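A short worksheet on the structure shown next.
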Amino acid sequence: MAAQITQSDESDRPAEQGDALLSGVSPRQMAGAIRSLDSRLVGMAVDSSADAPMLIYTFVVAGRTQTFRLAIDARECESIADLYPEATIWEEQLRQQFDLTFVPDDSR
């Protein structure tokens, strides 16, 4: 089954009450914590309408959809593709649309 990228639906909407806005947390830290739960990545997007651009990650965690927003201050972000291989598709799409670079984890 091919993944569908729905960037415009996610980035154009305001943060909802169920969204988690995370600060001081890297994409890898967030993904690593969620990975230990019954989870799967179902979407990634960028919200560039805020003061600082936000990376938006949407997961299904224990049967519930949960969205996490992380402020980014550079064009280089940590990749989570080694934790969630399906992130590769979204990271490539966001690279093309927003000139973001997703850097793989070098600590392994």
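We did not get these values from a lab; they are worked out from the coordinates using the rules stated. Computed from a predicted structure; not experimentally measured. Note: ideal-geometry Cβ built from the backbone for every residue, glycine included; neighbour counts use all protein chains shown.
Scanning region 22-42 for residues that are of a type in the set (A, V, I, L, M) and in a helix (DSSP H, G or I), we see that the one that is surrounded by the most Cβ atoms within 10 Å (Cβ to Cβ) is Ala31. Selection of region 80-108 for residues being in a loop (DSSP other than H, G, I, E, B), free of Cβ contacts under 8 Å to residues at least 40 places away in the same chain and out of contact with any helix residue (DSSP H, G or I) (no Cβ under 6 Å at 6 or more places or on another chain) yields Asp82, Pro85, Asp99, Pro104, Asp106, Ser107, Arg108.
For region 63-75, a residue qualifies if it is touching a residue at least 12 places away in the same chain (Cβ under 8 Å), more than 18 Å from Ser23 (Cβ to Cβ) and in a strand (DSSP E or B), and exactly one does: Thr65. Of all residue pairs spaced 6 or more apart or on separate chains, those with beta-carbon atoms under 6 Å, a first member in region 32-57 that is closer than 18 Å to Ile72 by Cβ and touching a residue at least 24 places away in the same chain (Cβ under 8 Å) and a second member that is surrounded by fewer than 20 Cβ atoms within 10 Å (Cβ to Cβ) and aromatic (Phe, Trp, Tyr) are Val46/Phe98. In the set Glu92, Glu78, only one residue is surrounded by 13 or more Cβ atoms within 10 Å (Cβ to Cβ) and out of contact with any Pro (no Cβ under 7 Å at 6 or more places or on another chain); that residue is Glu92. Please tell me if Thr101 is among the polar types (S, T, N, Q) and farther than 14 Å from Leu22 by Cβ. Taking the combined requirement at face value, the residue satisfies it. Report whether or not Val60 is surrounded by 13 or more Cβ atoms within 10 Å (Cβ to Cβ), without any contact (Cβ under 8 Å) to a residue 40 or more places away in the chain and not small (Gly, Ala, Ser). Yes, satisfied.
I'd like to check something: does region 72-88 contain any residue that is over 14 Å from Phe102 (Cα atoms) and hydrophobic (A, V, I, L, M, F, W, C)? No: region 72-88 contains no residue that is over 14 Å from Phe102 (Cα atoms) and hydrophobic (A, V, I, L, M, F, W, C). For Thr58, are the conditions met, namely being under 19 Å from Asp19 (Cα atoms), in a strand (DSSP E or B), out of contact with any strand residue (DSSP E or B) (no Cβ under 6 Å at 6 or more places or on another chain) and of a type outside the set (D, E, K, R)? Criteria not met by Thr58.
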